[in-house]
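Enquirer: First the structure, then my questions, so here it is.
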Amino acid sequence: MGDQAVINASTVDAAWLTEALAAASNGARVTGFTAASIGTGQVGENVRFELAWDRDDPALPASVVAKFPSASDISREAAKLTGTYVREVGFYRDLRDHVTMTVPDVHRVEWDPDTHEFALLMNDLCDSEQGDQIAGCAVEVAETVIDEAVGLHAPTWGRTDEWRSFDWLGYPDAERTMQMTGLLQMLLPGFLDRFAERMSADDLDVGRLLVERYGRWSELVTEWAEGPGEWCVTHGDYRLDNLLLGRAAHAPTVTVVDWQTVAVGIGPADVAYFTGAGLLADERRAHEGRLVERYAAGLRNAGVEADDDTIWDGYVLGTASGYLMAVIASQIVEQTERGDAMFTAMAERPAEQMRDLGLLDRL
């Protein structure tokens with residue numbers, strides 16, 4: 001970690017893959033490979049390596065996936081400024097073994113703290129497919145996603161002080177609130193300008209209110225966590241595009257990826273973020289009460305003292321999360337047509353959710 005040059009997509013070779021996969025290969029050597037990019041690479045570049053081995057063994061992985069910094073200079077600089085890469089590396093290196101959420105198995109982690117270059121070599125979930133944030137998902141999928149959230153929140157519920165030594169893990173405090181307020185105020189004008197033709201005036205006004213009252217919202221979240229609720233580790237960007245959904249019987253039903261926004265926060269916010277952006281409005285209205293009850297019951301089954309009313313209140317507070325992420329993320333990654341459609345959904349749907357549940361009146 002930082003003692004040698006970090007590999008990148010263009011310098012990967014068979015020797016590096018052999019060394020990185022040594023624990024899974026029982027002495028076999030990679031003799032060749034092909035590489036193909038996965039996804040759009042707005043925040044990070046994902047590459048699938050199809051492997052050739054020096055012996056025929058069905059136990060050897062036929063392919064693996066590596067994640068590297070984005071090829072976009074804009075996205076790379078934004079990631080360095082906001083610490084997104086160090087958080088993802090930190091999660092897999094320091095926190096992965098503390099949670100029961102289904103996440104990829106990582107064979108190799110490389111990180112340069114000076115340049116923020118990194119490499120993550122992971123198992124290839126080729127029998128899973130990325131969720132579609134724009135299309136949304138069925139309630140049955142949402143139930144499984146809610147269950148996975150319990151696997152992150154319950155093991156870390158009320159334990160976050162144990163990891164104060166992890167300097168990459170952001171903790172809520174006055175300085176963080178001030179920094180976020182400044183960042184949101186800087187980025188909001190660009191967001192309003194870009195989405196003026198895509199979103200209604202009412203929905204854009206929600207963004208103005210959230211940024212203006214961000215400090216008040218942070219106070220309410222802190223009061224919840226330090227009162228009836230608790231702090232825990234949160235994903236921070238818990239949405240369909242960051243979930244791999246199994247499409248074969250032997251594949252995990254849901255695998256959670258993209259840990260670049262992991263931080264200490266309130267668990268119900270991840271749930272609210274997901275349902276607010278991932279379910280269409282009528283589906284959300286019909287099912288969100290039951291889904292939140294399912295989440296609260298899952299926490300209790302995992303040993304967390306959490307009553308339904310407290311979790312519901314945390315959920316209502318968390319409905320702002322998706323819109324706030326849309327403001328930030330849309331302005332710090334390279335612009336694409338699909339990206340703009342996705343960020344529109346991430347803002348419009350939570351705006352409606354906040355109006356339905358009364359959060360805006362509390363700010």
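Enquirer: Here are Asp270, Asp258: which of them is on the phi > 0 side of the Ramachandran plot and surrounded by 20 or more Cβ atoms within 10 Å (Cβ to Cβ)?
Expert: So the residue among Asp270, Asp258 that is on the phi > 0 side of the Ramachandran plot and surrounded by 20 or more Cβ atoms within 10 Å (Cβ to Cβ) is Asp258.
Enquirer: How many residues does the stretch 113-138 contain that are over 16 Å from Pro252 (Cα atoms), surrounded by fewer than 17 Cβ atoms within 10 Å (Cβ to Cβ) and acidic (Asp, Glu)?
Expert: Qualifying residue count, the stretch 113-138: 2.
Enquirer: Additional query: I'm told Gly170 meets every condition in (1) out of contact with any Cys (no Cβ under 9 Å at 6 or more places or on another chain); (2) modelled with pLDDT of 95 or more; (3) assigned to a loop (DSSP other than H, G, I, E, B) except one. Can you identify the failing condition by its number?
Expert: (2)
Enquirer: Taking Arg284 as meeting all but one of (1) more than 30 Å from Val106 (Cβ to Cβ); (2) touching a residue at least 12 places away in the same chain (Cβ under 8 Å); (3) part of a helix (DSSP H, G or I); (4) out of contact with any Lys or Arg (no Cβ under 8 Å at 6 or more places or on another chain), write down the number of the exception.
Expert: (4)
Enquirer: Further question on the same structure: Which one of the conditions (1) more than 23 Å from the chain's Cα centre (by Cα); (2) at pLDDT below 95; (3) small (Gly, Ala, Ser) does Ala329 fail to meet, given that it meets all the rest?
Expert: Every listed condition holds for Ala329 apart from (1).
Enquirer: Please give the number of the condition Ala196 fails out of (1) more than 24 Å from Ala251 (Cα to Cα); (2) free of Cβ contacts under 8 Å to residues at least 24 places away in the same chain; (3) touching a strand residue (DSSP E or B) at 6+ places or on another chain (Cβ under 6 Å).
Expert: (3)
Enquirer: Do the conditions hold for Glu348, that is, is it assigned to a loop (DSSP other than H, G, I, E, B), open to solvent by 10 Å² or more (accessible area, probe 1.4 Å) and of a type in the set (Asp, Glu)?
Expert: So Glu348 fails the test.
The values are calculated or read from the model by the stated rules, or taken from the named source; none is laboratory data. Please read all numbers here as calculations on a predicted model, not as lab measurements. Virtual Cβ from ideal backbone geometry, glycine too; neighbours counted across all protein chains shown. Calculation scope for accessible area: heavy atoms of the full protein, side chains included, ligands and nucleic acids excluded. Shrake-Rupley method; radii C 1.70, N 1.55, O 1.52, S 1.80 Å.
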